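Here the structure is laid out as structure tokens; the discussion comes afterwards.
All of the numbers you see were taken from the coordinates with simple rules; none came from a lab. Source: prediction; values computed, not measured. Cβ placement follows ideal geometry from the backbone for every residue including glycine, while neighbour counts extend to all protein chains displayed.
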Amino acid sequence: QVQLVESGGGLVQPGGSLRLSCVASGSIFSIMGWYRQAPGKQREWVAIIINGGVTNYADSVKGRFTISADSAKRTVYLQMNSLKPEDTAVYYCNGQNGRSYWGQGTQVTVSS
């Protein structure tokens, strides 16, 4: 059974940091990414990592977020620094191996 399980969300003040984790099981994914969905908005792409190496980011998070992977742990991370209130959303992990799989999401709230 293929599963993606996110963790690491929470409440943080503006300017703070969080690190999200996504543990994959049941398959090896060549492409993994993070997406987010704010209340009343469509889900949007945040960051992607291909074959554990090549990365790309949405303009809104470039320079603040870093995606990385630990293949031995089958885990993808999203390090989020300089967080802003507009980063508040449910963050979802996505894995692709010819099919697309989603985690259940983890809430990130940036508020003072």
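Here are some notes:
- With loop membership from DSSP and a limit of 13 other Cβ atoms within 10 Å, the longest segment of the chain without trypsin sites (Lys or Arg not before Pro) is 1-40.
- Rounded to whole Hz, the Karplus (6.51, -1.76, 1.60) HN-Hα couplings of the range 102-112, x for glycine and proline: 10, x, 8, x, 9, 7, 10, 10, 10, 7, 8
- Rg/Rh for the chain, where both radii come from Cα atoms and Rh is the Kirkwood radius: 0.95
- For the range 78-92, backbone phi angles converted through the Karplus equation (6.51, -1.76, 1.60; θ = phi - 60°) give residue-by-residue couplings of 10, 8, 10, 10, 6, 5, 10, x, 6, 7, 4, 4, 8, 9, 10 Hz, Gly and Pro being listed as x.
- Charged side chains reduced to their Cβ positions (Lys and Arg at +1, Asp and Glu at -1) give the chain a dipole of some 80 debye around its Cα centre.
- Relative contact order (percent, whole number), the chain, Cα cutoff 8 Å, 6+ residue spacing: 37
- Taking amide hydrogens as placed 1.01 Å from N in the peptide plane, the amide H of Asn97 sits under 5 Å from that of no residue at least 5 positions away in sequence or on another chain.
- Here each label is just a point 7 Å from Cα along the line to Cβ, and for Arg43 and Thr66 those points are 2.7 nm apart.
- Amide hydrogen neighbours beyond the local backbone of Thr88, cut-off 5 Å, H modeled: Val110
- HN-Hα J in Hz across the range 23-39 - Karplus 6.51, -1.76, 1.60, θ = phi - 60°, x for Gly and Pro: 9, 9, 9, x, 6, 9, 10, 7, 10, 9, x, 10, 10, 9, 9, 8, x
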